[in-house]
1. Here is a check on your reading of the model: is A:I217 in contact with a Ser or Thr (Cβ under 8 Å, 6 or more places away or on another chain) and closer than 27 Å to A:G398 by Cβ?
2. Looking at B:I46, B:I37, which is the one that is modelled with pLDDT under 70 and β-branched (V, I, T)?
3. Among A:N58, A:N94, which is in a loop (DSSP other than H, G, I, E, B), surrounded by 24 or more Cβ atoms within 10 Å (Cβ to Cβ) and on the phi > 0 side of the Ramachandran plot?
4. Residues A:G300, A:G252, A:G240, A:G332: which one is assigned to a loop (DSSP other than H, G, I, E, B), under 26 Å from A:V360 (Cβ atoms), over 20 Å from the mean Cα position of the chain (by Cα) and of a type in the set (G, A, S)?
5. Within segment C:104-119, can one find any residue that is within 14 Å of chain A (Cβ to nearest Cβ) and on the phi < 0 side of the Ramachandran plot?
6. Give the number of residues within segment B:118-145 that are aromatic (F, W, Y) and either more than 10 Å from every other protein chain (Cβ to nearest Cβ) or part of a helix (DSSP H, G or I) (or both).
7. Considering segment A:364-386 alone, what residues qualify as being in a loop (DSSP other than H, G, I, E, B), buried (at least 24 other Cβ atoms within 10 Å of the Cβ) and among the hydrophobic types (A, V, I, L, M, F, W, C)?
Amino acid sequence: MPGKDYASTRFSGLRQLTPQNVGDLQVAFTFSTGTTEGFEAPPLVVNKTMYVIAPWPNNVFALDLTKPGAPAKWTYEPKPAAAAKGVACCGPVNRGAFYSDGRLFLNLLDGNTVAVDANSGKELWRTKVADINKGETLTMAPLVADGKVLVGNSGGEMGVRGWLTALDATSGKLAWRAYSTGPDKDALIGSDYRAPYPQDQGNDLGVRSWGPDQWKIGGGTVWGWLSYDPELKLVYYGTGNPGPWNAEQRPGDNKWTAGIFARDVATGHARWFHQSTPHDLFDHDDINESILVDWPAPNGQRIPALIRPSRNGYLYIQDRRNGRILSADPYGYINAYNGVDLKTGRIIPVPEKEPKEGRVVRNICPGPPGAKDWNPSAFSPVTGLVYIPHLNICMDMGIKNANYIPGTPFVGADVKMYPGPGGNRGVFTAWDPVARRKVFEIKEDLPLWSPALATGGGLVFYGTMDGWFKAIDARSGKLLWQFKTGSGIIGQPISYRGPDGRQYIAVPSGVGGWAGAIVSADLDERDPTAALGFVNAMKDLKKRTTKGGTVYVFALPK
Amino acid sequence: MSLRCPNSVLALAMIAALCSCDREERQTRGKPLGETIPTVASPDTIFPGRATPPPLDPRAAQYEGNASAIAEGQRLYNWMNCAGCHFHGGGGMGVALMDDKWRYGGRIDQIAASILEGRPNGMPAWRGKLTEQQIWQLAAYVRTLSGQERKDAVSARADEVSNTPPQTQTKREPLRPADSDQQ
Amino acid sequence: MQRGGAYLSLCVTSCAGVQNAFGGQGAEDANFVRLFAVFMVVCTVMYLIVSAALVIAVWRRRQATLTIEDRKHHETSAATRPALIVWTVLIAVGLVGLTIASFFTDRSNAANGSKPRLSLTVTANQWWWDVEYNSPDASKIVRTANEIHLPVGVPAQVTLKSNDVIHSFWIPNLAGKQDLIPGRVTDAQLLPRKTGLFRGQCAEFCGVQHAQMALDVTVESKAAFDRWYAAQLQPGRPPANPLQLAGYRYVTTRECSSCHNISGTPAGGHVAPDLTHFASRRSIAAGALPMNRGNLYGWVADPQSQKPGNHMPTVGLAANDLHAIVAYLEALK
């Protein structure tokens, strides 16, 4: 599975590669997908086969690792509709597939979820769950647990209504759907729901915290990461931003957007919810990963917790049984908020940074991609540190009246992004969740849009947007090895033990996504507001990398 | 004519001349029933056996370089969420409109046809959601994003806040002549 | 004084009562009418004195034939000096009186506006008014267009914004003018004292249809206002017969839905007047046409002929579509 495990640690226990020998790492083989859109999905290695999932047109390749050069055993070509690319806000990407019980489950951009037989590549079922004519697409990696395939939609910039859907893994039929806005019966909030803080408890808050009818086009999409606790049988996920970005058009707290849900996987009923950013002003989705760990409380107890570096710049550690915040500390530069009130669980906004219609507010940090966007961090139980590849980006934002036409953007904002204090757009942080502080930090010129991988040998891997794939020491952060791949890296690196017993590291290389759209979609750098403002911060990217779509696999020489 | 007051005669003549000067024609109503965008305006196509491509739609001349049409097009560009995908010409979900790369043609009638019919790869079809007069106005505005219209017809700032400088102050690069037979 | 002022105003005005700056139905306008009366009286008295003095001077000049050589031309009448003193005192008293009257009027207006119990936001567009009733409970916000309903005796605070150019908010019967400036937020206070139907008007040139940018204002009892408000919170009435259904289908999927909003339907546009309760309004197109079936047909068929240059395009509807659309719109009470 993309997170390596249900707890989303992205940690590989393999220990062959160490800081001493990683300098000898070399390319073992490569594989070109033939597509040049943003390549985000990690390859999955199961039973001596590597499954590569490409962005649109979402082809899946099964590579036979037992043969030299890993030739493809079969290719699955789902042929999703090309028109879906017109409503995918941040590149027609795909964040991965899930392997379970001999089947691969993945989402297609045009709103279908499919199950594919892992041996033959034959499609077992295809279920349409999202409608591109309303602006919905599917980009996230599904999670399969308890016989259900959990799928969330994308489209928070298109005025869609967000949801998490569970399909039966065998038949593909709908089991339940939990909406992120609207009445309690749509959001599956029932009698077993207990919010950790009073502002999230009440009747039909998903209607009452919006202007009339606005919850129907309110966003809260579920396009990010899901984690699962098999003992509590709860699935944890975050909801996306409310729509439109122009917050003056949607007064109220806008529940249940920009917050974390814990739901019972069998019925979908919500157990608890915490809204990280009520009445979000800056596109601070909350879809980032939740890493499930047992956290040592000061009194010596071990609390089942979740750690999540949130988009609004705070790293939350919460008790995953009930949602209570144990700590919320800034891990990046923030001037838009004044902290999180731990008594009420509510973030404290800075009034001067609130955008008002008719004027541009400048220097808002963190910008719309937040202190960290979708690219997940890794946790190493060996060092006890969370490795976070993230951003240092601020913005100027002007809001204007947004018009709702289904299937077209519903944003209402004019944005320009630029580097934050220090001038570096990316930063790699190692965070100690117990001591609640940074252990080391690596400044990167370009934003870090690739996920991290931690290994048992004491290494951490990540990639930069101009194609450098790096290995650093997990304790000190010292750069030990790097390799320049053909295109910027925004995809998840993985580690696996090959049929010959060696430890392999694989990484997809193909720039794109929101930060890389200037290259993958060939945008014009003279318009600073293009790609929702990101182009202004990435004007140099076209000179530093080009499109690509290749998986690189590395190993130590035999 | 008497030449006792040559200055007044001259002044009257100048006034008369200026009054007949019409900067441009403004049509608020358009021609709702007769106005159709010819669907043969496809991207630069091969016309087997023809020496020259078919003539340009005469209505294109009415909207091309017409300041009021461009100003209306600028308003519609923001209202109809074109700016949500194409931003101020730089692109995003949609392609960049301010450069000289046109997938489906950069002439005004080709742009109007793209807006009307939609295009593969994600451009929505606006037939039935906008009147054809509005579509021609949008096409005229889109042409200005890549600097293909006269500078005195280009609209200044839109009514909304903008992080980009107004069009009248931005240097645009013109279309390369080799890209399209008719401009 | 009040009655004198009222008589004066009756003499002065002959315009219709709905858009009458001397109507005095609002607290601010009533203050204005009172102040106007004071000014009229004081200035009239001054005018009469000055005119009388002029007449006397001319008449006296004609009586005496004084020449330069006559040493007596410097002679000042015995009455001159005291007359001048009285005149100066009269002017001073008059000016001070007017200033004090202005001051008290301003104070009264400020006091009336200091504790608003109703809050509205009016956003001016070319050439229509977007009206939103604010509420601390976000789900109880009412949005309408080109009309304002106010409960009598309740002070209201109106926040004024503009989406494009400078407009001016003016309901003559209730209060004075206040500009709506893009990029700024201004406000006005209204305290209606009498029920009735009034008309507001944009008072700052804002483009080709500035003249047809009016507001229908209804001041009613609190109970009637609450009933109206509750009705406005309801979504648009669903179509009740096949013709209305055809109209509903057209309006929510074709050109209309690109710009207009009807709550409870897929039409969610935010750039044109909200049509959810369109048929309950007194006029079409910001006061351009009274609301009736004929005008509705004319407006929907060809808005550019009624209000040329406004942003609603002439679509060129087929006859059956026009019948269906009008049938549906008429039902949106």
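The values are calculated or read from the model by the stated rules, or taken from the named source; none is laboratory data. Just so it is clear, the model here is predicted, and its values are computed rather than measured. Every residue, glycine among them, receives a Cβ derived from its backbone with ideal geometry; neighbour counts consider all protein chains shown.
1. Working: in contact with a Ser or Thr (Cβ under 8 Å, 6 or more places away or on another chain): no; closer than 27 Å to A:G398 by Cβ: yes.
When the stated conditions are applied, A:I217 does not pass them.
2. On the way: B:I46 fails: modelled with pLDDT under 70.
Matching residue, one of B:I46, B:I37: B:I37.
3. Details: A:N94 fails: on the phi > 0 side of the Ramachandran plot.
Of A:N58, A:N94, the one residue that is in a loop (DSSP other than H, G, I, E, B), surrounded by 24 or more Cβ atoms within 10 Å (Cβ to Cβ) and on the phi > 0 side of the Ramachandran plot is A:N58.
4. Values: A:G300 fails: under 26 Å from A:V360 (Cβ atoms); A:G240 fails: over 20 Å from the mean Cα position of the chain (by Cα); A:G332 fails: over 20 Å from the mean Cα position of the chain (by Cα).
Being assigned to a loop (DSSP other than H, G, I, E, B), under 26 Å from A:V360 (Cβ atoms), over 20 Å from the mean Cα position of the chain (by Cα) and of a type in the set (G, A, S) holds for just one of A:G300, A:G252, A:G240, A:G332, which is A:G252.
5. Initial filter on segment C:104-119 (within 14 Å of chain A (Cβ to nearest Cβ)): C:119.
Filter again for on the phi < 0 side of the Ramachandran plot, leaving C:119.
Yes, that holds for at least one residue.
6. Restricting attention to segment B:118-145, the residues satisfying the condition of being aromatic (F, W, Y) are B:126, B:136, B:141.
Now narrow it down to the ones that are either more than 10 Å from every other protein chain (Cβ to nearest Cβ) or part of a helix (DSSP H, G or I) (or both): B:136, B:141.
Total satisfying the criteria: 2.
7. Answer for segment A:364-386, where residues must be in a loop (DSSP other than H, G, I, E, B), buried (at least 24 other Cβ atoms within 10 Å of the Cβ) and among the hydrophobic types (A, V, I, L, M, F, W, C): A:A371, A:W374.
Conditions (1) assigned by TED's automatic domain parsing to the domain that holds C:W129; (2) of a type in the set (K, R); (3) within 27 Å of the chain's Cα centre (by Cα); (4) loosely packed, with under 14 Cβ neighbours inside 10 Å, marked per residue:
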residue	(1), (2), (3), (4)
C:Q201	yes, no, yes, no
C:F205	yes, no, yes, yes
C:V208	yes, no, yes, no
C:E220	yes, no, yes, no
C:D226	yes, no, yes, yes
C:A246	no, no, no, no
C:R249	no, yes, no, no
C:H260	no, no, yes, no
C:S263	no, no, no, no
